[in-house]
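Read-outs: derived from the displayed coordinates by stated rules, not from any lab. The shown structure was predicted, so the numbers you read here are calculated from the model rather than taken from an experiment. Cβ placement follows ideal geometry from the backbone for every residue including glycine, while neighbour counts extend to all protein chains displayed.
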Amino acid sequence: MKKRFIAAVLIFAVLIAGATGLVWFGAYNVGADEPHWPITYALMQTIRNRSIAVRAEDLPIPNLNDPKVVLKGAGQYAAMCTGCHLAPGMRDSEIRPGLYPQPPDLSRQRVDPRVAFWAIKHGIKMSAMPAWGFSHDDATIWSMVAFLQKLPGMTPAQYKAIVAKAPPDEDMDMDMSGDHDHASGDKP
Ligand code: HEC
């Protein structure tokens, strides 16, 4: 009994020493240009999907068909998201090919509203997805979700038209007063 216990402690100590060695000698490549092993990637995807699904499942969804809300979301999306998630008529961005995991192309792929709200508000660790909840209230985040429901299938011309009509991204006024990158006639 005692011998077994000592053996177990020794095995544990060797494993800890081995793991510490792997960390210390830099065996793990953190470069974003080398993919994970398929099993690591599958595990991370499952952790991510389950984590979001569990936290998002009871979120009450507001009316996402209100044209004013969709319009507001269009302005937000054009100002903050296209570099990583693209837009109709956009082939690629400079940042996107280097991101790992790759951001989904939200101009083609429709996301579940609750999952989208949660991911936008809280961001996703160990990916490039920021937590926009630090700088945006829930209503603004829902407007982005509303827009994302309409985005897949929009033509480049429809996309351009809705962004041109959208109100300016007022949250930008926090530190860059009035420095908007899209035109709008109804700026206060
Ligand atoms: C710097 C790059 C970057 C920016 C900017 C960015 N995202 Fe993301 N986003 C990502 C990445 C990367 C993922 C995927 C993370 C993963 O798979 O683990 C992601 C995931 C998402 C998802 C989850 C999709 C799904 O299928 O679960 C949504 C929704 C989303 N982003 C919306 C937005 C919106 C809206 C904005 C703008 C306010 C935005 N993102 C800005 C990189 C970005």
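Seen against the Cα atoms of the chain and their longest principal axis, helix 2-24 is set at about 40 degrees. When you count the other C-beta atoms within 10 angstrom of each residue and take the mean per peptide, 141-154, 81-94, 118-131 line up highest first as 141-154, 118-131, 81-94. Using only the alpha-carbon atoms, how far is helix 138-150 inclined from the longest principal axis of the chain? Give it as 0 to 90 degrees, nearest 10. That helix lies at roughly 80 degrees to the long axis.
Scalar couplings 3J(HN,Hα) for the stretch 110-127, obtained by applying the Karplus form with A = 6.51, B = -1.76, C = 1.60 to θ = phi - 60°, are 8, 9, 4, x, 5, 4, 4, 4, 4, 5, 5, 5, 9, x, 10, 4, 6, 8 Hz; x denotes Gly and Pro. Close Lys pairs in the chain (alpha-carbon distance under 22 Å; sequence gap of 8 or more, or different chains): 15. The spacing between the stretch 1-43 and the stretch 48-122, judged by their C-alpha centroids, is 36 Å. For the chain, the convex hull spanned by the alpha carbon atoms encloses 177 Å³ per residue. At 7 Å along the Cα-to-beta-carbon direction for both His36 and Ala13, put a label point, then send me their distance in nm to one decimal. Once both label points are built, they end up 3.4 nm from each other.
Note on Met90 and Lys165: with the Förster distance fixed at 25 Å, the Cβ-Cβ geometry gives a FRET efficiency of about 0.85. Fewest neighbouring Cβ atoms within 10 Å first, the residues Leu43, Leu71 line up as Leu43, Leu71. What is the helix-to-structure angle for 38-56, meaning the angle in degrees between its Cα long axis and the longest Cα principal axis of the chain, kept from 0 to 90 and rounded to the nearest 10? Roughly 60 degrees between the two axes.
Between Phe25 and Arg108, residue separation times 0.36 nm minus the direct Cα-Cα distance comes to 25.6 nm.
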